[in-house]
Amino acid sequence: MEIISQLLPFVFLIAIMYFVIIRPQQKEAKARKEMIQSLKKGDKVITNGGFIVVIHKLEDNFLSVKINDDVITKITRDSIAKKYEDEA
């Protein structure tokens, strides 16, 4: 009985850490992965470098993106921060 009363605070702390730290991070990672998988040609995205680019071509690990009308370059899928939503 004494062992249970000593372990109860540790179990409680682990449960709090799971619900406050680990679970939200897992949900965010899953949502980001789904967002990256759902990208299609013509989508506007923001890169980790802060550039707003348009997806020109999808490849396995890379994306060809248009920076402007003349410049098309390749970036990795991991370098996408989020989709760009127009404020209009």
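In a fully extended conformation the segment linking GLU34 and ALA15 would gain 4.1 nm over its present Cα-Cα distance, using 0.36 nm per residue. Under a model in which nothing but the beta-carbon of Lys, Arg (+1) and Asp, Glu (-1) is charged, the chain shows a dipole of about 200 debye around its Cα centre. Computed FRET efficiency, Cβ-Cβ of LYS57 and GLN6, R0 35 Å: what is it to the nearest 0.05? After rounding, the FRET efficiency stands at 0.05. Each of LEU58, LEU8, MET35 was placed along the dipole of the chain (beta-carbon charges, centred on the mean Cα), and the one lying farthest toward the positive end is LEU58. One chain, two ends: ASN48 and ILE22. Fully extended at 0.36 nm per residue, the span grows by 7.0 nm beyond their Cα-Cα distance.
Measuring spread by the Cα atoms of the chain yields a radius of gyration and Dmax of 20.8, 74 Å.
Put a dot 7 Å past the Cα of GLU85, heading toward its Cβ, do the same for VAL71, and the two dots end up 2.8 nm apart.
Only the coordinates and a few stated rules stand behind these numbers; no lab work does. Since the structure is predicted, the reported quantities are computational estimates derived from the model, not experimental observations. Quick reminder, even Gly has a Cβ in these numbers, built from the backbone with ideal geometry, and neighbours come from all protein chains shown.
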